[in-house]
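One structure below.
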Amino acid sequence: MTRLRRLRQSAALRALVRETELSVHHLVQPLFVREGVRVRQPIRSMPGQFQLSVDELLKEAEQIVAVGVPAVILFGIPDRKDAKASGAYAANGVVPKAIRALKQQLPGLLVVADVCLCEYMSHGHCGIVRKTPKVGGANLAGGYRVDNDATLKLLAKAAVVYADAGADIVAPSDMMDGRVAAIRAALDARGFVEKPIMSYAAKFASAFYGPFREAAESAPQFGNRKTYQIDCANVEEALREVALDIEEGADIVMVKPALAYLDVVHRVKEQFHHPVAVYNVSGEYAMVKAAARSGWPRTDVRGWLDEKAVVLEMMTAFRRAGADIIVTYWARDMARWLEG
Ligand code: PBG
């Protein structure tokens, strides 16, 4: 008789047949950087995460490196936003400054630069917004639309600025059509032929981004992102997005969010045999933190969930589904938990 419990009798036996291993080598820690000095501003909806000025970012990064996390991904919060997202491609913007500081002080740390315009736009959308006359394409609230092709130029400019500053990987998260090709061409033209692109290829229009929009101060001021991000109902469409990004030159393709989209991760891995990343997003982080309530911001411990056990289970599921890379706000904690 087959008895599957035979191999579950002891921890050693279970470890012997464990199919999926977790390691710190696959983790990327997101960090929010803003102007100023000695700024360490807690993000209300993401306990344990902060908006950091460059000096504080360096301290944080040092600790991240010390526990063995190999990579960070940077999001910038500029002092001023406008309708052209000038801060996104300013050579002395907050992200290029942070990249230069990180690469100088911690050269071994991989620095990924998120490439998007929403944090830098006064209206919070990921592209150039235009008022449309009545006919066609009035696809945001109030007759506004996002101008895809005009946006590509700015994204490409931003990617070159981050590469110039020393970013190891650029990661477009805007979901404009053709952005990977535009960024690849711009990087190559500047001699950055070996700079990898990690594209947020299958990025869904998700309510799980709520806390991030507080963190990055990037919530759209009108309308929503459904005219550029994928409908959560669609996996075929997600696969077409991934196919296009790979054709256009993406070196790593990302699925985002993670938890509710593991079928997508699995199919992307099976179909494309490409390095796959998942983004374990802010809402996924906030849910667990709220249920576990590990002492921040209040000191009472709710304990509805065991944070460490739940997070290790989630991370194992991401890897089991086919993710090579996990972008997660728990990267630093994970490194400690894995050591223990
Ligand atoms: C920017 C961007 C977003 C996230 C990463 N890059 C927000 C959005 O699309 O609204 C979400 C990350 C998270 O929720 O943790 N386009």
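Between Arg14 and Arg44, residue separation times 0.36 nm minus the direct Cα-Cα distance comes to 6.8 nm. For segment 29-56 versus segment 208-261, the spacing of their alpha-carbon centroids is 24 Å. Counting only protein heavy atoms and using a 1.4 Å probe, the accessible area of Leu338 comes to about 60 Å². Note on segment 74-127: with neighbouring protein chains present and a 1.4 Å probe, carbon and sulfur make up 53 percent of its accessible heavy-atom surface. Within the shell defined by Cβ-Cβ distances under 14 Å, the residues around Ser206 carry a net charge of +3, with Lys and Arg each +1 and Asp and Glu each -1.
Sorting Trp304, Trp337 by accessible area puts them as Trp304, Trp337; the probe is 1.4 Å, largest comes first, and only protein heavy atoms count. Modelled spin-label separation between Glu339 and Ala291, with each label point placed 7 Å from Cα along the Cα-to-Cβ direction: 2.8 nm.
Electrostatic tally near Glu56: other residues with Cβ closer than 10 Å to its Cβ, Lys and Arg +1, Asp and Glu -1, net +2. For segment 180-267, the fraction of 1.4 Å probe accessible surface lying on carbon and sulfur atoms is 52 percent. Here the spin labels are modelled as points 7 Å beyond Cα on the Cα-Cβ line, and at Ala66 and Glu237 they lie 4.6 nm apart. Ranked by the mean number of other Cβ atoms within 10 Å of their residues, highest first, the peptides 29-41, 158-170, 11-23 come out as 158-170, 29-41, 11-23. In segment 190-340, Cα pairs under 8 Å separated by at least six residues give a relative contact order of 24 percent.
Does anyone have the angle between helix 262-272 and the longest principal axis of the chain? Alpha-carbon axes, 0 to 90°, nearest 10? Relative to the chain, helix 262-272 is tipped by roughly 80 degrees.
The mean sequence separation of alpha-carbon pairs under 8 Å and at least six residues apart, normalised by the residue count of the chain, gives a relative contact order of 18 percent.
Between Lys153 and Glu21, the modelled labels are 5.1 nm apart [label points 7 Å from Cα along Cα→Cβ].
Taking the 0 to 90 degree range and rounding to the nearest ten, how far is the long axis of helix 54-66 tilted relative to the main principal axis of the chain, both from C-alpha atoms? Tilt relative to the chain: about 30 degrees. Relative to the first principal axis of the alpha-carbon coordinates of the chain, what is the inclination of helix 179-189, with its axis defined by its Cα atoms, in degrees from 0 to 90 and to the nearest 10? The helix 179-189 is inclined about 80 degrees to the chain.
Hey, got a sec? Which trypsin sites (Lys or Arg not before Pro) in segment 133-240 land in a DSSP loop and have at most 15 other Cβ atoms within 10 Å? All intermediate terms of the calculation are to be shown ahead of the outcome.
Numbers: sites: Lys134, Arg145, Lys153, Lys157, Arg179, Arg184, Arg190, Lys203, Arg213, Arg225, Lys226, Arg240; in loops: Lys134, Arg190, Arg225, Lys226.
Loop-located and lightly packed - Lys134, Arg190, Lys226.
Let me know the shape class of segment 20-339, please: from the alpha-carbon gyration tensor, a ≥ b ≥ c as square roots of the eigenvalues, rounded when a/c is under 1.5, otherwise prolate if a/b is greater than b/c, or oblate. It comes out rounded by the Cα gyration axes.
The values are calculated or read from the model by the stated rules, or taken from the named source; none is laboratory data. Fair warning: this is a prediction, and the values are worked out from it, not measured in the lab. Heads up, the Cβs are rebuilt from the backbone with ideal geometry, glycines too, and the neighbour counts pull from every protein chain shown. Accessible surface areas use protein heavy atoms only, side chains included; no ligands, DNA or RNA. Shrake-Rupley method; radii C 1.70, N 1.55, O 1.52, S 1.80 Å.
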